[in-house]
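The structure under discussion appears below in the form of structure tokens.
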Amino acid sequence: MPPTEENSLLNSYGIILLAAGQSARLGKPKQLLNYKGKTLLEHSLQVAIETELQPIVTVLGSSADLLKKSIEQFSTKVVINEQWSEGMASSIRCGMEELIKITPTIAGVIIMVCDQPYVTAKLLTDLIEKYKYSLKPIIASSYKNNIGTPALFDKTIFALLLSLKGDSGAKKIMKSNPDWVETVSFLF
């Protein structure tokens, strides 16, 4: 099949699925909670795969061996964040490093977390559609009076993502630079 503008665009973006957390309050891996016959992690990977975006990088940390075994059937590049206890920033850095290593010319990335069962492939592709027309380097999901994941980041934001520290994720970048952000409604 000859490349089309849409295929070319889809091939320009990857997905990082963050699934490294310990779920300390829950007492067991939240990633393995059942949602409609699948685990939250399986559901999130299925949604990512449905977008046809590549590559998909799944970042594991706490309980990595157990989680990795549970997703062997999925087409994803698994990377283990050995510094997962630092917080979300370390997982974003770990995922970004792997994504850039796999696809150095990637134009952007969608960062998603595995504990949002209402995320759909359409929401993820809507982020790209909004990006094409907004000319903003960040397209975030909006819900209630908040913004967050899943969110698309243009390559011009990669250095900031790679410099994140601590338990705060990319929301810190969004809140510090509101004029860089456009949103897509995340209603369920």
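Quick one: is Ile110 buried (at least 17 other Cβ atoms within 10 Å of the Cβ), modelled with pLDDT of 95 or more and either basic (Lys, Arg) or part of a helix (DSSP H, G or I) (or both)? For Ile110, the condition - buried (at least 17 other Cβ atoms within 10 Å of the Cβ), modelled with pLDDT of 95 or more and either basic (Lys, Arg) or part of a helix (DSSP H, G or I) (or both) - is not met.
Table: residues versus (1) at pLDDT below 90; (2) touching a Leu at 6+ places or on another chain (Cβ under 6 Å); (3) under 22 Å from Ala107 (Cα atoms); (4) surrounded by 17 or more Cβ atoms within 10 Å (Cβ to Cβ).
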| position | (1), (2), (3), (4) |
| --- | --- |
| Pro2 | yes, no, yes, no |
| Leu18 | no, no, yes, yes |
| Gly27 | yes, no, no, no |
| Asn34 | yes, no, no, no |
| Glu42 | no, no, no, yes |
| Val47 | no, no, yes, yes |
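Whenever a residue of segment 112-138 is of a type in the set (A, V, I, L, M), its partners that are in a loop (DSSP other than H, G, I, E, B) and surrounded by 14 or more Cβ atoms within 10 Å (Cβ to Cβ), lying with C-beta atoms within less than 6 angstrom and at least six residues away or across chains, give the pairs Ala121/Thr51; Leu124/Thr51. The set of residues in segment 149-162 being free of Cβ contacts under 8 Å to residues at least 24 places away in the same chain and closer than 23 Å to Gln83 by Cβ consists of Ile157, Ala159, Leu160. Mind checking whether some residue in segment 76-85 is buried (at least 18 other Cβ atoms within 10 Å of the Cβ) and modelled with pLDDT under 90? Scanning segment 76-85, I find at least one residue that is buried (at least 18 other Cβ atoms within 10 Å of the Cβ) and modelled with pLDDT under 90, so the answer is yes. Selection over segment 55-74 of residues that are polar (S, T, N, Q) and either in a helix (DSSP H, G or I) or at positive phi (or both) gives a count of 2. None of Gly166, Gly148 is farther than 15 Å from Gln54 by Cα and within 13 Å of the chain's Cα centre (by Cα) except Gly148.
The values are calculated or read from the model by the stated rules, or taken from the named source; none is laboratory data. In this text, all values refer to a predicted model and were calculated from it rather than measured experimentally. Cβ: placed from backbone, ideal geometry, glycine included. Neighbour counts: every protein chain shown.
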